[in-house]
Structure formats: structure tokens, C-alpha cells
1. If you check every pair at least six apart or on different chains, which have Cβ atoms under 6 Å apart with a residue in region 28-45 that is within 19 Å of Val18 (Cβ to Cβ) first and a residue that is of a type outside the set (Asp, Glu) and part of a helix (DSSP H, G or I) second?
2. Any idea which of Gly29, Gly62, Gly48, Gly41 is open to solvent by less than 50 Å² (accessible area, probe 1.4 Å) and on the phi > 0 side of the Ramachandran plot?
3. Out of Ser89, Ser34, which single residue is surrounded by fewer than 16 Cβ atoms within 10 Å (Cβ to Cβ), farther than 18 Å from Lys15 by Cα and modelled with pLDDT of 90 or more?
4. Within region 25-41, restricting attention to residues that are of a type in the set (A, V, I, L, M, F, W, C) and part of a helix (DSSP H, G or I), which residue is nearest to Gln69 (Cα to Cα)?
5. Taking Arg72 and the conditions (1) assigned to a helix (DSSP H, G or I); (2) out of contact with any His (no Cβ under 9 Å at 6 or more places or on another chain); (3) surrounded by 13 or more Cβ atoms within 10 Å (Cβ to Cβ), which numbered condition does it fall short on, given that it satisfies the others?
Amino acid sequence: MRRFVHASVASRSLKTLVDVALLPYPPPGTPGISKFVAACGGIFDKHGLNHAVHSWGTNVEGDWDVVMQAVRECHENAHDLGCERVISSWRVETGSKAGIQSTMGRLEAAKKKAEGC
């Protein structure tokens with residue numbers, strides 16, 4: 001099947017916010033998954049991506065292609081460290097308002113408005 005990508009779309013930067021939860025299946029006897037998740041922070045830093053870990057995953061913001069490459073490297077790193085399987089769950093937002101601070105600002109504004117009711 002041929003895939004057509006319009007030239008202007010392929011070269012355009014796309015602001016992206018990803019909420020990704022990485023679930024590596026480490027080799028038997030490996031205590032926990034913290035080292036695999038922590039390694040992703042270094043990968044995100046290497047790519048210059050803003051990121052914030054939370055209880056259910058990590059928010060990562062940046063250009064679409066860079067974010068996708070970094071998440072791929074998280075998977076590859078876990079495999080390199082001995083994981084046979086790595087599963088990740090993603091939610092993706094794109095657009096001019098896609099970003100950690102933008103989202104947090106909207107939530108804070110809504111919270112203040114709700115408190116004033």
C-alpha cells in the first residue's frame with residue numbers, strides 16, 4: 001500500500017504533549033521497574049524535552065518527531081537492560097496549547113473559578 005505524505009505536513013513542526021506510562025517486564029529477580037523509568041528521564045533530557053513524572057506516568061512535551069523518538073529510545077533502553085517485553089500506554093495532545101505549563105495553567109484557573117462559586 002502506498003502512503004502519501006504532503007510535503008508541507010511532513011516538514012512542519014507539531015507541538016505535542018504526551019502522557020506516557022512505560023511498563024517494562026524486567027528479567028526475573030529484578031526488583032521493581034524504577035531504574036527503567038528513571039532512565040527515560042535521562043533520555044528526555046538528552047533530547048531537550050520538558051518532562052514531569054507523576055504517579056501514573058510521565059508528561060513529555062516537545063516537537064512530535066523528537067517526542068516519538070525519545071519514547072522509542074525508552075523502549076529500546078529497557079530491552080537493552082534485559083526486558084523481554086515493554087508496554088506503554090499513551091495519550092497525545094497536539095496544537096498550540098499542548099504543553100505541561102499550559103495545561104496546568106488552565107487547571108489552576110478552573111480551580112480558582114470553582115473556589116469562587
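1. Phe36/Ala78; Ala39/Asn77; Cys40/Cys74; Ile43/Ala70; Ile43/Cys74; Phe44/Ala70
2. Only one candidate qualifies: Gly62.
3. Unique residue meeting the criteria: Ser89.
4. Initially, region 25-41 is screened for residues of a type in the set (A, V, I, L, M, F, W, C), giving 33, 36-40.
Now drop any that are not part of a helix (DSSP H, G or I), which leaves 36-40.
Numbers: Phe36: 17, Val37: 16, Ala38: 17, Ala39: 15, Cys40: 12 Å.
So the residue we want is Cys40.
5. All conditions are met except number (3).
The values are calculated or read from the model by the stated rules, or taken from the named source; none is laboratory data. All of these numbers come straight from a predicted model, not from anything done at the bench. Glycine gets a Cβ as well: all are built from the backbone with ideal geometry, and neighbour counts include every protein chain shown. Areas reflect the complete protein model, heavy atoms only, side chains present, ligands, DNA and RNA absent. Shrake-Rupley method; radii C 1.70, N 1.55, O 1.52, S 1.80 Å.
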